[in-house]
Amino acid sequence: MYRIQAPDFNIDLTLSCGQVFRWDKKEQWTGVVNGAVIRATQEGSELIIESTLDKKSIQDYFRLEDDLEKIYSEIGRDELITSLIRKYRGLRLIRQDPWECLASYICSSNNTIRNIKNSIRLMCECFGNRIENGYYSFPTPEALSQAELCDMASCRLGFRAPNVRSAAAMIADGEFDLYGIKDLSYEEGREELVKIRGVGNKIADCVLLFAFGKLESFPVDTHIEQIMERYYSENLKDVKKSKKRDAIADSARRYFGKYCGYAQEYLYLEDQEK
């Protein structure tokens, strides 16, 4: 057990806002990161961590190096977003493992958070490695590329099962360099990710934001589309319906700036809280 200084951090908001799917809270937060179980409690500006994972990895995962004051000053362009910063202060984006993030968001397609979490839990139990009682590592691309679709169906993946297996095979076979995305620009990374079966612009943007730290990524789903139309319609005049979501993301980048991914998460959480 060890302690980590975590000023300007709210673990409850960060782990419950829908960006990550393998954490649960009872008396404390418990999740699996990089094959290790983590139990985390927050006391003021300190995190109390019980895990075999080292302190540097925890700091990196929770992006504790992000200068939230600077980010808030950049994105706080109007009363709505500044009110959300006050309300949800300390919510940080998480730096997830790219493969787990990609597979998880393929599972998220047309799905609820409750069902996504359940499917991922079952997939880990079926194809991951047991770490301790009740906790399993995330399945490797190699393990899922060799899985039978009927076995994956038992994980309640539905139509997403072939997409997950296809992505796993592309990565396991070296056909797709997932981890090389980090060295590409946002635009280049998105262009590569949408080549994967089951990955459209929204899923690609989630992976770029939550795994590769491309903070200029602004994922647009139905919720964000409605929020942006409700509050920022002046920026969306004369937009063609067929390209509306791309136009919304481009508008958000111009308006909120290079940290617009943070603005997206605060807007998304506000919508979920209603």
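The values are calculated or read from the model by the stated rules, or taken from the named source; none is laboratory data. Predicted, not measured: the structure shown is a model, and the values here were computed from it. Methodologically, a virtual Cβ is constructed for each residue, glycine included, from the backbone with ideal geometry; neighbour enumeration extends over all protein chains shown.
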**OP:** Restrict the check to region 189-199 and report whether at least one residue is loosely packed, with under 13 Cβ neighbours inside 10 Å, farther than 19 Å from F256 by Cα and not assigned by TED's automatic domain parsing to the domain that holds S251.
**Re:** yes
**OP:** Could you figure out which of (1) closer than 18 Å to L15 by Cβ; (2) in a helix (DSSP H, G or I); (3) not aromatic (F, W, Y) isn't true of L102?
**Re:** (1)
**OP:** Take region 229-274 and flag every residue that is on the phi > 0 side of the Ramachandran plot and touching a residue at least 12 places away in the same chain (Cβ under 8 Å).
**Re:** G257
Subject >> Number of positions in region 222-274 that are in contact with a Leu (Cβ under 8 Å, 6 or more places away or on another chain) and among the small types (G, A, S) >> reply: 3
**OP:** Go through region 93-120 residue by residue and tally those that are under 11 Å from the mean Cα position of the chain (by Cα) and among the basic types (K, R).
**Re:** 1
Original post:
Among (1) free of Cβ contacts under 8 Å to residues at least 40 places away in the same chain; (2) assigned to a helix (DSSP H, G or I), where does Q226 come up short?
Top reply: (1)
**OP:** Please work out which one of (1) of a type in the set (G, A, S); (2) within 30 Å of A252 (Cβ to Cβ); (3) touching a strand residue (DSSP E or B) at 6+ places or on another chain (Cβ under 9 Å) is the condition S57 fails and give its number.
**Re:** (2)
**OP:** Search region 158-188 for residues being over 19 Å from the mean Cα position of the chain (by Cα) and closer than 22 Å to R114 by Cα, and hand back the single one that is surrounded by the most Cβ atoms within 10 Å (Cβ to Cβ).
**Re:** A161
Subject >> Near pairs, Cβ below 9 angstrom, 6+ apart or cross-chain, from region 155-170 (assigned by TED's automatic domain parsing to the domain that holds F138) to any residue that is aromatic (F, W, Y) and crowded, with 18+ Cβ neighbours inside 10 Å >> reply: C155/F127; A167/W99; A167/F176; A168/W99; M170/F176
Subject >> Qualifying residues in region 113-157 (those that are hydroxyl-bearing (S, T, Y) and outside any helix (DSSP H, G or I)) - the one surrounded by the most Cβ atoms within 10 Å (Cβ to Cβ) >> reply: Y136
**OP:** Given the conditions (1) within 30 Å of K244 (Cα to Cα); (2) touching a residue at least 24 places away in the same chain (Cβ under 8 Å); (3) of a type in the set (D, E), report the number of the one that E132 does not fulfil.
**Re:** (1)
**OP:** Could you give me the residue pairs with C-beta distances under 7 Å whose first residue belongs to region 102-124 and is among the charged types (D, E, K, R), whose second residue is not in a helix (DSSP H, G or I) wherever it lies, and which are 6+ apart or on separate chains?
**Re:** K117/F21
Original post:
Would a scan of region 4-21 turn up a residue that is in contact with a Lys or Arg (Cβ under 9 Å, 6 or more places away or on another chain) and assigned to a strand (DSSP E or B)?
Top reply: yes
Original post:
Hey, among L80, L47, which residue is among the hydrophobic types (A, V, I, L, M, F, W, C) and either assigned to a loop (DSSP other than H, G, I, E, B) or within 19 Å of L267 (Cα to Cα) (or both)?
Top reply: L80
